[in-house]
1. Taking G301 as the residue in question, decide whether it is under 24 Å from G215 (Cα atoms), within 16 Å of the ligand (Cβ to nearest atom), of a type in the set (G, A, S) and touching a strand residue (DSSP E or B) at 6+ places or on another chain (Cβ under 9 Å).
2. Filter the range 321-355 for residues that are free of Cβ contacts under 8 Å to residues at least 24 places away in the same chain and either among the β-branched types (V, I, T) or closer than 30 Å to D182 by Cβ (or both) and give the result.
3. Return the residue satisfying two criteria in turn: it lies in the range 157-214 and is exposed (fewer than 15 other Cβ atoms within 10 Å of the Cβ) and outside any loop (DSSP other than H, G, I, E, B), and of such residues it is nearest to the ligand (Cβ to nearest atom).
4. Within the range 130-147, does at least one residue satisfy the condition of being basic (K, R), touching a residue at least 60 places away in the same chain (Cβ under 8 Å), under 17 Å from G25 (Cβ atoms) and within 16 Å of the ligand (Cβ to nearest atom)?
5. Please go through (1) without any contact (Cβ under 8 Å) to a residue 40 or more places away in the chain; (2) within 14 Å of the ligand (Cβ to nearest atom); (3) charged (D, E, K, R) for R151 and return the number of the only condition it doesn't satisfy.
6. Restricting to the range 304-320, give me the number of residues that are within 10 Å of the ligand (Cβ to nearest atom) and in contact with a strand residue (DSSP E or B) (Cβ under 7 Å, 6 or more places away or on another chain).
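Laboratory data are not the source of any read-out in this text; all were calculated from the coordinates shown. What you are looking at is a predicted structure, and each value in this text was computed from that prediction instead of being measured. No Cβ is skipped: glycine too gets one built from the backbone with ideal geometry, and neighbour counts run over all protein chains shown.
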Amino acid sequence: MLNIRIEKTKDPKVLPGKDNPLKFGTIFTDHMFIMNYETGKGWYDPRVIPYQPLNLEPSAMVFHYGQEMFEGLKAYKTDDGRTLLFRPDKNIERANRTNRRICIPEIPEEDFLQAIKTVVKVDEAWIPTKEGTSLYIRPFIIATDPYLGVRPSDRYLFIIILSPVGAYYPEGLNPVKIWIEDEYVRAVKGGIGEAKTGANYVASMKSQVKAHDEGYSQVLWLDGVHRKYIEEVGAMNIFFKINGTVLTPELNGSILPGVTRDSVLALCREWGLPTEERKISIDEIKAAHENGTLEEVWGTGTAAVISPVGQLRWENHIMQVQDGGIGPISQKLYDTITGIQLGRLEDIHNWTVEV
Ligand code: COI
């Protein structure tokens with residue numbers, strides 16, 4: 001168990017008012033959690049302090065070789081005033097998987113959870129309650145050794161910041177348009193595609209700019225070898241409903257194992273929907289669209305929750321889904337997941353954890 005020192009701010013910010021639209025990731029709360037690591041000493045000095053800039057050497061390794069990881073989860077306020085986290089154990093487990101992959105020291109799971117709960121408790125008043133909002137929790141670790149050689153750092157900072165958020169996409173629950181990338185790739189098997197590290201996101205930016213310029217919200221990636229099998233979208237996993245069956249790409253090493261992805265699979269199976277995790281080719285999607293069996297497409301993610309997809313563009317083929325509206329399964333998934341997160345539906349899976 002960590003002995004967390006708490007230093008409260010003497011200058012609290014004004015909480016965003018109820019009418020604030022809460023653009024994703026733009027407002028930060030009063031406090032942050034921070035803890036240091038040094039080889040030989042381990043993780044030490046856990047503390048909650050006022051939210052503030054970091055003081056780092058320009059030679060800190062994170063700036064040069066990108067040794068960093070991050071996670072994303074959310075806290076919700078229930079109607080009866082409790083604060084709930086959604087499946088934090090899954091994020092913590094994945095964080096340590098990422099750490100192992102990029103040679104960052106692991107954080108004991110119970111310490112990680114204690115750190116999240118402590119900082120969320122301190123800034124509990126920041127949890128928004130308007131429909132579709134939550135407190136986004138962003139834990140991350142950066143390598144801080146002042147050194148220009150390539151090797152794992154001996155020093156790190158583990159930090160958790162908090163941001164009251166609304167919908168990730170400006171479209172909200174309205175369907176997004178997705179561009180299927182045919183030039184660049186995001187990740188390959190054996191690389192770091194399944195790790196939650198910034199490098200995967202910077203790899204996506206050039207295509208994202210191109211997609212935006214064409215009027216699309218996000219990029220859907222194909223596999224890096226055959227350029228044929230569907231992988232994931234920049235900020236979410238992807239699902240298709242074809243002829244009654246729910247399909248999502250299998251976790252093959254280059255796809256992020258999403259927590260919402262896992263929850264959606266569990267719910268669809270409980271609802272008796274045939275569900276398959278397997279390779280899905282772009283030709284299969286195109287054929288399903290052409291023969292009228294592509295019933296629904298949606299993305300899943302912590303930030304995105306359930307995001308219906310209304311249009312896919314692959315080369316010159318424009319595939320319209322659900323007449324551009326939200327499909328019944330996407331809507332049911334959104335209602336069920338947010339219902340559990342907000343404590344309005346019975347949590348039979350024990351997915352929520354009280355702070
Ligand atoms: C999340 O959904 O939590 C993510 O980390 C995706 C990020 C692009 C916002």
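1. Yes; evaluated as a whole, the condition is true for this residue.
2. Across the range 321-355, the qualifying residues are D323, I348.
3. Looking at residues that are exposed (fewer than 15 other Cβ atoms within 10 Å of the Cβ) and outside any loop (DSSP other than H, G, I, E, B), I get Y201.
4. For the range 130-147, residues basic (K, R), touching a residue at least 60 places away in the same chain (Cβ under 8 Å), under 17 Å from G25 (Cβ atoms) and within 16 Å of the ligand (Cβ to nearest atom): present.
5. (2)
6. Final tally of qualifying residues: 1.
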